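Visitor: Quick one: the structure is below, questions incoming.
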Amino acid sequence: MITDGTTLSFDRCFAKTALDRSPGTSVLDHCRVVGHTAIALLETLPASVRALLGGHPETIAALHDVGKVSPGFQKKYFQGFLERHLPDLARVPISRFEAEHCQIGMAAIRDHLKNSHAAEIVGAHHGGIRSRRKHRDSAEIFGGEQWSEERKRLIRAMEEEFGPITGIDYAPVVRNLVAGLVSVADWIGSDETYFPSHAVSTDFDFPLQTRKAVAACGWIIPEIKKGLNFEGIFGFPPHGIQKTFTDAIQGPGLYVLEAPMGTGKTEAALFAAYRLMAEGHNRGLFFGLPTRLTSEKIHERVEGFLDRIFEKQMRPKLAHGKAWLKEFSHGGENLAAGGSWFNRKKRRLLYPFAVGTIDQALLSILNVKHFFVRTFALSGKVVILDEIHSYDLYTGTLMQEMVSQLLSIGCSVIILSATLTRERRMPLLRQPLFSRHAGEKDAYPLITRKIDRIVEEIPGCWPQNQDYEIQLRDLNATAVAQEAIFKAEAGACVLLIANTVARAQDWFDAVRSQMREKAFDLGLIHAKFPGCRRTELEQTWISRLGKNAVRPEGCILVGTQVLEQSIDIDADFLITEIAPTDMLLQRMGRQWRHKRGNRPTQVPLTLIVSPSPEDAHDEEALMTRFGKGTCFVYAPYLLWRTWRVWRQRNRLNLPSDIRDVLEATYQQPAETDPAVFQRLYDRMVEMRNDLKRRAEAARSTVKALTLRDDREELVTRYSEYETADVLLVRDVDATGNEATVTLLDDDAPIHLSVNEKNVALTARLHQNLVSVPAWLLKKMTAKKPAWLCKHFFERVAVWQWDDLSGRLFMDGTFTGHTYDPDRGLRKLRSDGNDSFVDHTADDTDDFDPFDKDLIDW
């Protein structure tokens, strides 16, 4: 039994060390700071969210560190103090005690307040509950009865100051909200910038100082301008579908807008968000997109939107796995701009306005560290989710769960898509997938509104339809090149979109070998360029084919899915490999996208390249016909259905025909169809069900705050194809822990050392990365050099480029790959010809651990 000489009163225990490692802030003062910080944060939330949180969540925040009133914690961090002031305790071996204060605090709240929910929140405030060992608070490992009594005294003191929490019974999502509030209040209350050690004195004004800290972090939103109309914000009046959608907004709820590509869905959603915020229903905005590149493009537009609706400047945060790199590439000004407290990865979503990949929001429903902070971050905001047709069933299932959670925590959710099927829409609305009557179909454009469980469909209109001429032909690379060259020489801006990097490179080579020298501009864009080169290529082609570009008289741009979604370009003529109908429609959305005169053709022409699968009698034959690379990216059954739908058409009227071709593609096989297609359908359903089960399993682990996995990678997207990063260099001279390196983007060498951390150099290095199959580096037994350890967390190989031959070497050995600035990274075939033969899916967002390849099964 521990004697009185080994017990500290709770008001003499310390919570924080000073910068010189001496005892700093006491437990009592820190708990009071965090409790009042929680009050200040609550004041920034919409009334609907505050009502959800119930009575006195700030008390739980104040009690988050009650476990630090314990001999184990005090001995671990303040042994010197104990030796001077409590030598009896100082002499007791620390091995007798538990030092993990979250576990001790959880036991104290559970035993003294009989509140398991509050106990779990306290136990999880450092990211999640790591252990559920149920020792009593009076257990000897926690210090026995006397230390338990001191914790009880602290609990009473906090309840007297902030209010009682006895009897609080939280639903799981509300418990997660409170857990997020507690963690964020602790982060701010622990920040030496606002609360330096020894700053808390007897005359310290806790409410005033904590409100100042919350405001200084950037939580306080400036006053929104009231009474603005659509034209006042965007500079042009709304067209039909934009006006119909914004008129449909009637308070918080779920709104789905299905409308053609390039019809201003983004502006419609932003104006709806403005109305919801101006009317006081919501506070803040998160705009989620499929890839880093799409989020960066929208980020620029949201920044302009915020400038026009607020009295003072509000910059949105960019929230994705490489946001820091984007900001640093702009001179780092955004890193030091207002709201710098939010620059850390897990804090970006907390900022009132953020644009990023949907993955950042999906982490709010998955069992990763601090998932509940992301739940709190999204609460009460307008959440816009764009391009949702691009997700497979794994991510789609997670998104359905996330949408339901968002609606339950005071959010308004706006979903945008040009090519959403009924099969994907109804689960988002939590509606049964009932069949339409014969001959009846959903309207298009279509607005679906769900408020208080009542679902309404509002037909939209689009005043101008556009005819597209459609051709479906079986062409090899040479024939594709000839078609493209003929159009380009006639003055057309031609777009070639392939399903794989290898096929895009083959098409590019075929065009370059057959075209007259300097007859027109030719380019290639895909994900197998390092970031520095890819940025150059994108900027070049946006300047040629963008909205306000001075267009060349004929050109050809070849690419992969990156051209389908991420770059705002406008072509006259499209040649595309066959892909599922929704993807084809997205690609066609890059034709005649902007209003222009003097087009070289009367109507947009789309040439779909596909062999006939009619005489394929088994799966292997069908995959050979379509190409195994394409069948790796897209389900063979959907490719067959798409081929059947599109072979019957030589003209398509958009948007009138969008609904017809979409629903026809996603039908089940008929009884009269060959058996091979039924087997392909069954295989697709089986794989979809597997993805759904995986997603549901990932979701189910959040039923409790127990932390089972501290990794944030590979949870929001499912892919069997794992990639790893390679650093491409011109030259490297390494001596163990140091190296002099010349990168691809500059002739000037840089010095790297295991002992030096330099953010500017880290940014440079990341711009010279390219991804390869992970198995390749394992096969080569590639290891990350020591001199890169300050710049990369994961394994990174270094490949040296011989600019004369184009070959890439690792440690003097040829890797089997080549690189050139026009074609990107390629793998040599066994016959010695250049080609990337692994046919990787290309989703525009390599290198981002939250944003993996889009594989649509």
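Visitor: Which one of the conditions (1) crowded, with 22+ Cβ neighbours inside 10 Å; (2) in contact with a Gly (Cβ under 9 Å, 6 or more places away or on another chain) does VAL182 fail to meet, given that it meets all the rest?
Guide: (2)
Visitor: OK, next. Mind listing whichever residues of region 778-798 are open to solvent by less than 70 Å² (accessible area, probe 1.4 Å) and either at positive phi or in contact with a Phe, Trp or Tyr (Cβ under 8 Å, 6 or more places away or on another chain) (or both)?
Guide: Residue satisfying the conditions is LYS784 alone.
Visitor: Any residue in region 766-795 that is in a helix (DSSP H, G or I) sitting within a Cβ distance under 7 Å of a residue that is of a type in the set (Lys, Arg) and open to solvent by 10 Å² or more (accessible area, probe 1.4 Å)? List the pairs, counting only those 6 or more apart or interchain.
Guide: LEU777/ARG795
Visitor: If we scan region 602-613, do we find a residue that is under 29 Å from the mean Cα position of the chain (by Cα), surrounded by fewer than 15 Cβ atoms within 10 Å (Cβ to Cβ) and either in contact (Cβ under 8 Å) with a residue 40 or more places away in the chain or within 22 Å of ARG688 (Cβ to Cβ) (or both)?
Guide: Taking every residue of region 602-613 in turn, none turns out to be under 29 Å from the mean Cα position of the chain (by Cα), surrounded by fewer than 15 Cβ atoms within 10 Å (Cβ to Cβ) and either in contact (Cβ under 8 Å) with a residue 40 or more places away in the chain or within 22 Å of ARG688 (Cβ to Cβ) (or both).
Visitor: Take the conditions among the small types (Gly, Ala, Ser) and under 21 Å from GLY816 (Cα atoms) and apply them to GLY736. Does it pass?
Guide: no
Visitor: Output the number of residues of region 614-637 satisfying the condition of being free of Cβ contacts under 8 Å to residues at least 60 places away in the same chain and open to solvent by less than 60 Å² (accessible area, probe 1.4 Å).
Guide: Total meeting the criteria: 7.
Visitor: A follow-up question, please. Which fully enclosed helices (runs of 4 or more DSSP H) of region 57-118 have 2 or more residues being open to solvent by 20 Å² or more (accessible area, probe 1.4 Å)?
Guide: 71-85, 87-91, 101-113
Visitor: Can you pull out the residues in region 1-22 that are surrounded by fewer than 20 Cβ atoms within 10 Å (Cβ to Cβ), at pLDDT 90 or above and in contact with a strand residue (DSSP E or B) (Cβ under 8 Å, 6 or more places away or on another chain)?
Guide: ASP11, ARG12
Visitor: With the requirement that a residue be crowded, with 20+ Cβ neighbours inside 10 Å and either among the β-branched types (Val, Ile, Thr) or over 21 Å from VAL122 (Cβ atoms) (or both), what does region 24-44 give you?
Guide: Within region 24-44, GLY24, THR25, VAL27, VAL33, VAL34, THR37, ILE39 meet the criteria.
Visitor: Sticking with this structure for a sec: Scanning for something in contact with a strand residue (DSSP E or B) (Cβ under 7 Å, 6 or more places away or on another chain), surrounded by 14 or more Cβ atoms within 10 Å (Cβ to Cβ) and at pLDDT below 60, does region 699-715 turn up at least one residue?
Guide: Within region 699-715 (the criterion being in contact with a strand residue (DSSP E or B) (Cβ under 7 Å, 6 or more places away or on another chain), surrounded by 14 or more Cβ atoms within 10 Å (Cβ to Cβ) and at pLDDT below 60), the answer is yes, since at least one residue qualifies.
Visitor: Only one of THR500, THR478, THR560 is closer than 25 Å to GLY627 by Cβ, among the hydroxyl-bearing types (Ser, Thr, Tyr) and in contact with a Gly (Cβ under 8 Å, 6 or more places away or on another chain); which?
Guide: After ruling out the rest, the residue left standing is THR500.
Visitor: I would also like to ask the following. If I filter region 661-691 down to residues being surrounded by fewer than 16 Cβ atoms within 10 Å (Cβ to Cβ) and among the β-branched types (Val, Ile, Thr), which single residue comes out as farthest from THR263 (Cα to Cα)?
Guide: THR672
Visitor: Can you name every residue in region 751-780 that is among the aliphatic types (A, V, I, L, M) and either modelled with pLDDT of 85 or more or within 27 Å of HIS817 (Cβ to Cβ) (or both)?
Guide: Once the filter is applied, which keeps residues that are among the aliphatic types (A, V, I, L, M) and either modelled with pLDDT of 85 or more or within 27 Å of HIS817 (Cβ to Cβ) (or both), region 751-780 yields LEU752, VAL754, LEU761, ALA763, LEU765, LEU769, VAL770, VAL772, ALA774, LEU776, LEU777, MET780.
Visitor: Something else now. Within the set of pairs 6 or more residues apart or between chains, which connect a residue that is open to solvent by 70 Å² or more (accessible area, probe 1.4 Å) and modelled with pLDDT under 90 inside region 456-481 to a residue that is among the hydroxyl-bearing types (Ser, Thr, Tyr) and part of a strand (DSSP E or B) with Cβ atoms less than 6 Å apart?
Guide: none
Visitor: Can you spot a residue in region 652-660 that is surrounded by 15 or more Cβ atoms within 10 Å (Cβ to Cβ), touching a strand residue (DSSP E or B) at 6+ places or on another chain (Cβ under 7 Å) and within 22 Å of ALA484 (Cβ to Cβ)?
Guide: Yes, there is a match, as at least one residue in region 652-660 is surrounded by 15 or more Cβ atoms within 10 Å (Cβ to Cβ), touching a strand residue (DSSP E or B) at 6+ places or on another chain (Cβ under 7 Å) and within 22 Å of ALA484 (Cβ to Cβ).
Visitor: Another one. Within the group LEU825, LEU854, which residue is closer than 21 Å to LEU744 by Cα and either modelled with pLDDT of 50 or more or in a loop (DSSP other than H, G, I, E, B) (or both)?
Guide: After ruling out the rest, the residue left standing is LEU825.
Visitor: Then there's this: Considering only region 295-303, I want to know if a residue exists there that is in contact with a strand residue (DSSP E or B) (Cβ under 7 Å, 6 or more places away or on another chain), open to solvent by less than 20 Å² (accessible area, probe 1.4 Å), on the phi > 0 side of the Ramachandran plot and at pLDDT 90 or above.
Guide: no
Visitor: Going residue by residue through region 400-411, is there one that turns out to be in a strand (DSSP E or B) and touching a helix residue (DSSP H, G or I) at 6+ places or on another chain (Cβ under 6 Å)?
Guide: Within region 400-411, none of the residues are in a strand (DSSP E or B) and touching a helix residue (DSSP H, G or I) at 6+ places or on another chain (Cβ under 6 Å).
Visitor: Now a separate question. Check region 506-526 and report whether any residue there is open to solvent by 20 Å² or more (accessible area, probe 1.4 Å) and β-branched (Val, Ile, Thr).
Guide: Checking region 506-526: not a single residue is open to solvent by 20 Å² or more (accessible area, probe 1.4 Å) and β-branched (Val, Ile, Thr).
Visitor: Taking the criterion of being of a type in the set (Phe, Trp, Tyr), open to solvent by 20 Å² or more (accessible area, probe 1.4 Å) and over 13 Å from LEU727 (Cα atoms), would at least one residue in region 758-777 satisfy it?
Guide: Yes: one or more hits.
Visitor: Further question on the same structure: Could you check how many residues of region 133-168 are outside any helix (DSSP H, G or I) and over 40 Å from the mean Cα position of the chain (by Cα)?
Guide: 5
Visitor: Right, something else. Which residue pairs have Cβ atoms closer than 7 Å, lie 6 or more positions apart in sequence or on different chains, and pair a first residue in region 799-817 that is on the phi > 0 side of the Ramachandran plot with a second residue that is among the hydroxyl-bearing types (Ser, Thr, Tyr)?
Guide: From residues that are on the phi > 0 side of the Ramachandran plot, the pairs are GLY806/THR818; GLY806/TYR819.
Visitor: Then there is this: For the subset of region 383-416 comprising residues that are surrounded by fewer than 24 Cβ atoms within 10 Å (Cβ to Cβ) and among the polar types (S, T, N, Q), which member is nearest to the chain's Cα centre (by Cα)?
Guide: Among them, the one singled out is THR395.
Visitor: Working only within region 304-326, note down all residues that are open to solvent by 10 Å² or more (accessible area, probe 1.4 Å), part of a helix (DSSP H, G or I) and either at pLDDT below 85 or touching a Cys at 6+ places or on another chain (Cβ under 8 Å) (or both).
Guide: TRP324, LEU325, LYS326
Visitor: I want to confirm something. Restricting to region 410-451 and keeping residues that are at pLDDT 90 or above and of a type in the set (Ser, Thr, Tyr), which single residue is farthest from THR246 (Cα to Cα)?
Guide: SER417
The values are calculated or read from the model by the stated rules, or taken from the named source; none is laboratory data. Since the structure is predicted, the reported quantities are computational estimates derived from the model, not experimental observations. Please note: Cβ atoms are built from the backbone with ideal geometry, for glycine as well, and neighbour counts cover all protein chains shown. Only protein heavy atoms, including side chains, enter the accessible area calculation; ligands, DNA and RNA are left aside. Shrake-Rupley method; radii C 1.70, N 1.55, O 1.52, S 1.80 Å.
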